[in-house]
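Engineer: Just dropping this structure here.
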Amino acid sequence: MKLPSFMGAWPAFWALGANLAQVGWPDSGEIDIMEHVNNEDRTYGTIHWRDHNGNYAQYGGNTLLSVTDWHVYSVEWDANAIRWYVDGNKFHEASIQNSVNGTEEFHRDFFLLLNFAIGGNWPGFNIDESKLPAKMHVDYVRVYRRL
């Protein structure tokens with residue numbers, strides 16, 4: 001992916017629990033494979049869920065990089081952990097082993113989303129409209145399943 005970077009930009013590659021319509025968010029779980037905001041030289045990877053106490057929870061990490069260059073964003077997700085990578089380099093990991101801290105959402109099916117939002121809660125509403133129109137370039141998306 002090659003991302004736009006300006007005030008108000010919020011491109012994302014993420015996943016939501018397939019049971020979203022039945023249980024709502026954050027009970028379905030969310031995995032942000034890649035999020036970028038505004039003109040930062042940084043990308044984020046985060047999970048969102050409802051914890052074992054019934055509270056909204058999130059856990060994330062980030063790494064520095066030039067988001068306007070081509071990069072491969074990925075996660076490895078198994079019964080023990082979710083691990084985030086950029087160009088094959090791990091930058092964050094979240095344990096979901098034995099549904100620790102109420103992470104049972106991450107042991108169910110998810111679906112993928114790719115979107116490019118303008119403004120919102122995180123980037124705010126100071127939008128550099130001189131950068132519009134803008135594009136989020138995606139070369140490919142691959143999903144592998146370990147058998």
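The values are calculated or read from the model by the stated rules, or taken from the named source; none is laboratory data. Since the structure is predicted, the reported quantities are computational estimates derived from the model, not experimental observations. Here the Cβ is made from the backbone with ideal geometry for all residues, glycine too, and neighbour counts use every protein chain on show. For accessibility, only protein heavy atoms count, side chains too; no ligands or nucleic acids. Shrake-Rupley method; radii C 1.70, N 1.55, O 1.52, S 1.80 Å.
Every residue, every condition in (1) under 18 Å from Arg108 (Cα atoms); (2) under 13 Å from the mean Cα position of the chain (by Cα), yes or no:
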site: Phe13; (1), (2): no, yes
site: Val23; (1), (2): yes, no
site: Ser28; (1), (2): yes, no
site: Val37; (1), (2): no, yes
site: Asp41; (1), (2): no, no
site: Ile47; (1), (2): yes, yes
site: Arg50; (1), (2): yes, no
site: Asp69; (1), (2): no, no
site: Asn80; (1), (2): yes, no
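Engineer: Residue by residue through segment 126-140, note down the ones that are surrounded by 11 or more Cβ atoms within 10 Å (Cβ to Cβ) and in a loop (DSSP other than H, G, I, E, B).
Structural biologist: Hits for segment 126-140 are Ile127, Asp128, Leu132, Ala134, Met136, Val138.
Engineer: May I pose another question? Do we have any residue at all in segment 99-107 that's within 16 Å of the chain's Cα centre (by Cα), modelled with pLDDT of 95 or more, closer than 28 Å to Gly124 by Cβ and open to solvent by less than 40 Å² (accessible area, probe 1.4 Å)?
Structural biologist: no
Engineer: Another one. Could you grab the pairs with beta carbons closer than 7 Å, sequence gap of 6+ or different chains, first residue in segment 55-79 and under 15 Å from Glu30 (Cβ atoms) and modelled with pLDDT of 95 or more, second one open to solvent by 70 Å² or more (accessible area, probe 1.4 Å) and not in a strand (DSSP E or B)?
Structural biologist: Ala57/Asn101
Engineer: Give the number of residues within segment 54-70 that are in contact with a strand residue (DSSP E or B) (Cβ under 9 Å, 6 or more places away or on another chain) and either more than 14 Å from His137 (Cα to Cα) or among the acidic types (Asp, Glu) (or both).
Structural biologist: Number satisfying all stated conditions: 11.
Engineer: Being basic (Lys, Arg), open to solvent by 20 Å² or more (accessible area, probe 1.4 Å) and touching a strand residue (DSSP E or B) at 6+ places or on another chain (Cβ under 6 Å), is that true of even one residue in segment 39-47?
Structural biologist: yes
Engineer: Considering only residues that are open to solvent by less than 10 Å² (accessible area, probe 1.4 Å) and either part of a strand (DSSP E or B) or not polar (S, T, N, Q) (or both), which ones fall in segment 7-32?
Structural biologist: Scanning segment 7-32 gives Gly8, Ala9, Pro11, Ala12, Ala15, Gly17, Pro26, Gly29, Ile31, Asp32.
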